[in-house]
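Below is one structure, written out as structure tokens; comments come after it.
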Amino acid sequence: MQLKTSHYHRSRPALIASILLAFTLALNGCSPPPVETLDELLAETNAAHQAVGNEGLRSLFKLRQPVDENGEPVSRSERDAYYATDPEPFDPDLLLTQEQMAEDVAYLFDALYTCYGNYDRMGGQAAFDAAEQAILEECAQHDSLRAREFQKLLMPHFTFIKDAHFAILDQLPNPLWYPFFFREVAFYKDGGRYVTAERKTVASVDGYDDLTELFKRSISPEGEIVYYPVLLKDSAACDETLTVRYTDGSSQTLQCEPYDTTYLSQGVDLDAAPEVRYNNGIPVLQVNQMQSGVDPSWKKAFLDGAKTLGNSKISVLDLRFNGGGTYTLLAEWLKIYAKATVPANSIFRDAFTGEQFFSARDQWVANDKLLIVLTGKRTASGAEWLADAAYNLENVLFIGENTAGALVGSSSPVQLKNSNISVTIGNLENIVPSTNDYFEESRGFCPDLWAPAGEAEALALKLLAG
């Protein structure tokens with residue numbers, strides 16, 4: 001697709017800077033570094049998205065069939081009885097006896113066996129029995145514990161569960177992976193090598209053998225497609241430096257930027273109906289939470305937004321604040337936008353009935369429009385399912401940070417009887433392609449263009465205006 005972007009003019013400061021750089025390089029006998037065009041970017045990302053397939057994923061699904069002590073299948077009502085419809089308040093200072101802790105541990109592992117859709121994928125009975133035994137042995141070392149201390153005792157024993165929906169009092173046993181940017185110097189790709197605007201070529205970076213893994217495609221403040229080093233860390237704090245060595249013998253030390261959490265604290269109303277706003281004439285639909293069709297006004301705003309974006313040559317879907325929710329309207333939204341059914345890549349099923357949600361097949365859906373999807377570490381669950389399906393749609397660009405990485409499961413609360421600790425245990429199982437580094441739980445989907453989430457919309461518009 002050849003996008004007609006010539007009517008978007010480069011900003012005057014960017015144009016002046018480009019002319020001055022070209023003039024300086026010409027005086028030094030150098031040509032300016034190559035800058036990737038939007039059409040070239042789309043050709044490459046379309047090929048990468050289309051290469052993701054789901055062949056063989058259905059064979060990985062195993063129906064969960066828990067049985068009771070008599071060997072009889074556990075009924076749906078028995079499973080549902082574990083879920084807390086009216087949970088009791090949690091008191092962190094509640095004193096628990098050793099016997100009460102042991103009772104809670106037994107109840108928790110019974111619930112996991114009975115209700116957890118990813119039980120077999122996370123190691124099955126051998127893994128869960130080993131964790132239960134280890135927890136009981138640790139509890140036996142304490143005559144009593146406060147409820148908060150008991151929760152802290154439990155946490156380290158569940159790191160084997162690679163499912164970011166699984167949480168104990170809303171805390172995850174495994175950390176999420178956050179991006180850290182090094183943007184002091186913009187790099188360009190030239191024949192497989194990374195060069196600066198002044199044509200200095202990167203020879204190596206201390207401690208990193210794979211430069212293609214380190215340097216991520218991004219957007220400069222002037223709207224050019226450039227590359228910056230980006231590191232993923234299992235914490236929202238990082239103070240690392242990078243030493244870049246150039247082929248001319250010089251070197252340079254780059255400092256990472258602090259992770260920007262300010263965009264997360266903007267007082268976003270998660271229950272707000274999706275609303276289309278316009279930025280430089282381009283429609284932007286911000287969806288802060290995935291809801292069902294129970295609220296007619298929310299449903300209408302969500303689906304009307306799909307029509308508006310689907311009738312626009314270029315549009316933006318903002319999922320940066322979207323932590324998920326229900327999935328009932330997502331396939332319909334994409335169908336309205338694309339005017340065709342857009343299947344998912346992953347196989348999303350009820351682990352106990354085998355019921356499959358959404359169409360899932362290896363199919364590429366033509367699209368002559370450009371849809372930019374903004375993502376951040378808050379983009380999770382249902383929002384990630386929408387991203388998973390959008391990978392099968394032509395001319396979709398993901399811009400921002402890697403997503404939360406909460407896609408392989410689901411969550412329903414189970415409350416322990418004595419401590420009132422709430423544990424989220426989902427009955428759904430989502431089998432996600434792992435080829436081409438497509439997705440990883442807790443790391444999420446990687447964007448096509450990396451940018452701090454708080455700057456993603458502004459930089460996306462700069463790219464279009466460049």
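The values are calculated or read from the model by the stated rules, or taken from the named source; none is laboratory data. Note that the structure is a prediction, hence the values are computed from the model and not measured. Methodologically, a virtual Cβ is constructed for each residue, glycine included, from the backbone with ideal geometry; neighbour enumeration extends over all protein chains shown.
Candidates D91, D80: the one that is acidic (D, E) and in contact (Cβ under 8 Å) with a residue 60 or more places away in the chain is D91. Do we have L169 as at positive phi and at pLDDT 95 or above here? Answer is yes for this residue.
Tell me yes or no: at least one residue of the stretch 215-228 is touching a helix residue (DSSP H, G or I) at 6+ places or on another chain (Cβ under 9 Å), of a type outside the set (A, V, I, L, M) and farther than 18 Å from A456 by Cβ. The answer is no; no qualifying residue exists.
Can you give me the number of residues within the stretch 363-384 that are under 21 Å from the mean Cα position of the chain (by Cα) and not in a strand (DSSP E or B)? The number of residues fulfilling the criteria is 9. A search for C-beta distances below 8 Å between a residue of the stretch 159-188 that is of a type in the set (V, I, T) and any residue that is part of a loop (DSSP other than H, G, I, E, B), counting only pairs 6+ apart in sequence or on different chains, returns T159/P173; T159/N174; I161/N118; I161/M122; I161/P173; I161/N174; I168/I421.
Meeting the requirement of 2 or more residues that are farther than 15 Å from L329 by Cα and in contact (Cβ under 8 Å) with a residue 40 or more places away in the chain, the strands (runs of 3 or more DSSP E) wholly within the stretch 241-307 are 241-246, 251-255, 282-286.
The sole residue among Q291, Q286 that is buried (at least 19 other Cβ atoms within 10 Å of the Cβ), modelled with pLDDT under 95 and under 20 Å from A404 (Cβ atoms) is Q291. Looking only at the stretch 95-131, which residues are assigned to a helix (DSSP H, G or I) and of a type in the set (G, A, S)? Result: A102, A106, A111, G124, A126, A127, A130, A131.
Taking the stretch 294-310 as the range and being surrounded by fewer than 17 Cβ atoms within 10 Å (Cβ to Cβ) and out of contact with any strand residue (DSSP E or B) (no Cβ under 9 Å at 6 or more places or on another chain) as the test, the residues that pass are V294, D295, P296, S297, K300, K307. In the stretch 72-94 there is no residue matching the filter, namely being under 25 Å from the mean Cα position of the chain (by Cα) and loosely packed, with under 12 Cβ neighbours inside 10 Å.
Restricting attention to the stretch 393-404, the residues that are outside any strand (DSSP E or B), in contact with a helix residue (DSSP H, G or I) (Cβ under 8 Å, 6 or more places away or on another chain) and surrounded by 24 or more Cβ atoms within 10 Å (Cβ to Cβ) total 3. When V408, V423 are screened for being closer than 14 Å to A167 by Cα and not in a loop (DSSP other than H, G, I, E, B), only V423 passes.
Based on what the data block shows, is N418 more than 20 Å from the chain's Cα centre (by Cα) and farther than 24 Å from F181 by Cβ? Yes, satisfied. Among the residues of the stretch 202-219, those that are without any contact (Cβ under 8 Å) to a residue 60 or more places away in the chain, buried (at least 16 other Cβ atoms within 10 Å of the Cβ) and not β-branched (V, I, T) comprise A203, L211, L214, F215. The single condition among (1) under 19 Å from S442 (Cα atoms); (2) modelled with pLDDT of 95 or more; (3) not basic (K, R) that S218 does not satisfy is (1).
Regarding G53, is this residue on the phi > 0 side of the Ramachandran plot and of a type outside the set (F, W, Y)? Considered against the rule, which asks whether it is on the phi > 0 side of the Ramachandran plot and of a type outside the set (F, W, Y), G53 comes out as no.
A single member of P92, P87 is over 30 Å from C256 (Cβ atoms), in contact with a Pro (Cβ under 8 Å, 6 or more places away or on another chain), of a type outside the set (G, A, S) and outside any helix (DSSP H, G or I), and it is P87. Among residues of the stretch 310-328 that are of a type in the set (K, R) and modelled with pLDDT of 95 or more, those with a Cβ under 9 angstrom from a residue that is surrounded by 24 or more Cβ atoms within 10 Å (Cβ to Cβ) and part of a strand (DSSP E or B), sequence gap 6+ or separate chain, pair up as R320/L374; R320/T375; R320/G400. Hydrophobic (A, V, I, L, M, F, W, C) and within 28 Å of D190 (Cβ to Cβ) - does that describe any residue in the stretch 248-256? Yes: the stretch 248-256 contains one or more residues that are hydrophobic (A, V, I, L, M, F, W, C) and within 28 Å of D190 (Cβ to Cβ).
Within the stretch 290-300, is there a residue that is more than 20 Å from the chain's Cα centre (by Cα) and β-branched (V, I, T)? The answer is yes; a qualifying residue exists.
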